[in-house]
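After the structure tokens below, expect a handful of questions from me.
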Amino acid sequence: MVVKILQIFPKYSKNIHEFGIVANYSIQANTLHVKGSRDKKIGPFGWFLLIIPVSTFSLGVWQVQRKKWKEGLLAELQEKTSSQPLQLPANLDDLSALEYKPIHVKGQFLHDKELYMGPRSVLKKGDASTKSSLVSGSAGSSQGYLVVTPLKLEGRDETILVNRGWVPSKQKDPKTRERGQVNGVVDVIGVVRTHEPRPNFTMKNIEGSNIYFYRDLDHMAEVTGASPIFLDATNDFDVPNGPIGGQTRISLRNEHMSYILTWFSLCGATSYMWIKKFIK
């Protein structure tokens, strides 16, 4: 069509040719203008959204630091509990610095002043206190009670409290486990424990009851006439038909790796979306 027009109006061919160049240039310019208008300009809202990937990255780094701290704490506890048993210090105030340390004591149990903590699930052997590892792990499904008995120390005018271990609910009554109620002087190795604040969602201990929901050391000592010293007996002290020792529970959740993966995954996903939206 254009060729025919040029043949009919040859004197306008130059103008038409120039017009075509101008038109083509105009189209290209418009194209460039449209393309330029599509370039992403990062406004205040875009910079505000950048807070999300930055924050999740920071939280991921924080969880890495928390994981290292928790692993160090677990290693410290393991080192304490696996150390050689110490003798009970003459100054009982020194015990506060010996928590989770094994202590060797000798004395006689006062079974008529027995207390109970529970209900509790039993910690199986290998999960709880042994000579090589006193840090508790998972609990079993059976329900029962921890038997806490005052121990009159030999050679000292002192009585302390010993968590002898776990018994099933049906054997809470001492008459059902008379063979396990050892008499005479005994050697006990136990882990030093301190007062336990009432955990969240745990009932208050009932006044006048010999059953405790948590380790209220001061009150236990008051009702039994003992000093506020508490040992968790290891399972080396297990006796036939008696409580199962080694019930030292140390609740230190170490789930930081899952948090690390969560925060860094969110950081990666939100960073990709932000770059896709505002950069590319």
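Values quoted throughout were computed directly from the atomic coordinates according to the rules given, and no laboratory measurement underlies them. Because the structure is a prediction, the values reported are computed rather than measured. Cβ coordinates were reconstructed from backbone atoms using ideal geometry, including for glycine residues, and neighbour counts include every protein chain displayed.
Can you tally the net charge around F230? Count Lys and Arg as +1, Asp and Glu as -1, for every other residue whose Cβ sits under 11 Å from the Cβ of F230.
Working: positive: R193, R215; negative: E99, E196, D216, D218, D232.
That works out to -3.
Continuing with the same structure: Quick one: of K80/K152; K113/K170; K101/K152; K41/K280, which pairs are farther than 22 Å apart, Cα to Cα?
Values: K80/K152 26 Å; K113/K170 19 Å; K101/K152 20 Å; K41/K280 11 Å.
Cα-Cα > 22 Å for K80/K152; rest within.
Got a sec to turn the phi values of region 108-124 into Karplus ³J(HN,Hα) couplings, 6.51 cos²θ - 1.76 cosθ + 1.60 with θ = phi - 60°, whole Hz, x for Gly and Pro?
In residue order, the calculated couplings are 10, 6, 9, 5, 6, 10, 5, 10, 9, 10, x, x, 9, 8, 7, 9, 6 Hz.
Enumerate the amide H contacts of I250 below 5 Å, restricted to partners 5 or more residues apart or on another chain; note that Pro and chain-start residues carry no placed amide H.
The list, which skips near neighbours in sequence, is S136.
Find how much the distance from K277 to I42 grows on full extension, using 0.36 nm per residue of separation minus their present alpha carbon separation; answer in nm with one decimal. Before the final figure, lay out each step's value.
Values: separation 235, 0.36 × 235 = 84.60 nm, distance 0.94 nm.
That pair, K277 and I42, stretches by 83.7 nm at full extension.
With a 10 Å Cβ neighbour count serving as the proxy for reagent exposure, in which order, fewest first, do K70, K170, K280 appear? Mind dumping the intermediate values first?
Values: K70 15, K170 9, K280 6.
Ranked by crowding around the Cβ, least crowded first: K280, K170, K70.
Now for a separate question. Counting other beta carbons within 10 Å of each Cβ, put F264, F45, F237 in order, fewest first. All intermediate terms of the calculation are to be shown ahead of the outcome.
Numbers: F264 17, F45 8, F237 20.
Listing F264, F45, F237 from fewest to most nearby Cβ atoms yields F45, F264, F237.
Turning to a different aspect of this structure: Under a crude label model (7 Å from the Cα following the beta-carbon direction), how far is V185 from K67 in nanometres?
5.3
A further question follows. Which value in nm describes the separation of the simple spin-label points at E79 and E178, placed 7 Å from the Cα toward the beta carbon?
Placing both labels 7 Å along Cα→Cβ, they lie 5.0 nm apart.
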